[in-house]
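A.B. asks: Here it is: the structure, laid out below.
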Amino acid sequence: MKDYPRIRRLSTLGIIRHQHFDYEFGPFRTDFVGEGGAGKSMISDLLQLIFVGVRYFHSPTKGSGPREAKTLVLRSEGKGTDMGYAFLSLELKKNQYVIVGIYLESSGAAEMFIVQKGNNFEADTKLATFGQLLGVAEFQRDNSILPINELRDHIIDNFNLTCESWERTQTYHKILFNNDILPLDLSVSNQALHNYARIVQAFSRESLDMDKSASLQSFLFGDEKEREFYNRFETTVEELQGDEKQFQDNVAEIDKLKIKQQKLSGLLDLKVLKERLFKDYIEAEYDFLGQQQDGVFKELEELILKYE
């Protein structure tokens, strides 16, 4: 089970296929199920955008063409600029949160943002948590999506929290690393950010078998920083494979319990049937004996009258 920090909620606001929605994440595992085209793979795209940004964003979804970040914004009628948000409520300790996310415009503009209790957004800051879990309802004003500059005022006026945003991701990634939200310092170089983006993309669609993943092999023979990526990634893969095995074992155990429950239920039904049939038998036997007794009494009465 994941300790802190952990993802508590993913919120989408003005995003295609997801519109305005809060997805709650469990502490162990969260599965998204649905028909093709429902937007399941887009969840990984949104997570990639939140942690990587738009510069190296690439959707592994197989389609007619590449999916650009701006195309994720839900379009309205008219030719104006539409806006969307994807953000995570991160639980840094029990019931204490910060928010990290991305603001997108249909024009192609994008900014990363963080919401915290404090107002220090220097690269080395320790984020100040807050106790209220915010979602899409709290990010709107009169059911309208706000541009990022108006969202800052809305957040501080209504929740006494501070929102800061960046077009360039260096400070954003440094803060996330210093607060143990990201395992690697993606602010050190564009190459580091690019490599991490490729790791996330590999998890989105491909197998966890690194030996079969050419996209992962390609960055494993670089500098020391890239080898650090590999070592941490390999550890994460082992942990995920262990979680997957545990999940499969749990599913198998649940299946056994279901079979046992079905058999016990069948035995219980047979027991109930046996008791009902035995009751019917006793009642029939009682009626039969009663009829015999009445016949014997009648014969005795006739004999007594005869001898009188």
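A.B. asks: Could you please report the charge total around I282, scoring K, R as +1 and D, E as -1 over all other residues with beta-carbon less than 12 angstrom from its beta-carbon? Before the final figure, lay out each step's value.
C.D. replies: Working: positive: R276, K279; negative: E275, D280, E283, E285, D287.
Value of the local net charge: -3.
A.B. asks: If we count every other residue with Cβ under 12 angstrom of L300's Cβ, Lys/Arg +1 and Asp/Glu -1, where does the sum land?
C.D. replies: -2
A.B. asks: OK, next. Sequence gap at least 6, Cα distance under 8 Å: using those rules, report the relative contact order of region 6-190 to the nearest whole percent.
C.D. replies: 19
A.B. asks: Charges only on Cβ, +1 for Lys and Arg, -1 for Asp and Glu: so what's the dipole of region 6-190 about the Cα centre, in debye to the nearest 20?
C.D. replies: On the way: 20 positive and 22 negative charges, 97 e Å.
Dipole magnitude for region 6-190 comes out near 460 debye.
A.B. asks: Let me ask something else about it. Can you show me the helix-derived [θ] at 222 nm for the chain, built from DSSP H runs with n ≥ 4 at -39,500 (n - 2.57) apiece and divided by the number of residues, rounded to the nearest 500.
C.D. replies: Counting only the DSSP helices, I get -15500 deg cm²/dmol.
A.B. asks: I want the local charge near G135. Using Cβ-Cβ distances under 9 Å, sum +1 for each Lys or Arg and -1 for each Asp or Glu among the other residues.
C.D. replies: Once all neighbours under 9 Å are counted, the net charge is -1.
A.B. asks: So, one more: Among 151-160, 89-98, how do they line up by average Cβ neighbours within 10 Å per residue, starting with the highest?
C.D. replies: 89-98, 151-160
A.B. asks: Right, here's the next one. Please report the spacing between the Cα centers of region 12-37 and region 165-195 in Å, no decimals.
C.D. replies: What the calculation gives is 25 Å, centre to centre.
A.B. asks: Binning every alpha carbon pair distance of the chain at 20 Å from zero, what are the percents per bin?
C.D. replies: Going from the shortest bin to the longest, the percentages are 26, 43, 12, 8, 7, 4, 0.
A.B. asks: Based on the mean of other Cβ atoms within 10 Å per residue, sort peptides 102-108, 265-271 so the most packed one is first.
C.D. replies: With the highest mean Cβ count within 10 Å placed first, the list reads 102-108, 265-271.
A.B. asks: I need the peptides 195-201, 19-25, 137-143 ranked by packing, meaning the mean over residues of other C-beta atoms within 10 angstrom, with the highest value on top.
C.D. replies: 195-201, 19-25, 137-143
A.B. asks: How far apart, in nm, are two points set 7 Å out from the Cα along the Cα-to-Cβ line at L257 and at N158?
C.D. replies: With each label point 7 Å from Cα toward Cβ, the separation is 4.2 nm.
A.B. asks: If R0 is 35 Å, what FRET efficiency do you get for N120 and Y23 from their C-beta distance, rounded to 0.05?
C.D. replies: So, using R0 = 35 Å, E works out to roughly 0.75.
Where a number appears in this text, it was derived from the coordinates with a stated rule and is not lab data. All of these numbers come straight from a predicted model, not from anything done at the bench. When we count neighbours, we look across all protein chains shown, and the Cβ atoms used for this are built from the backbone with ideal geometry, even at glycine.
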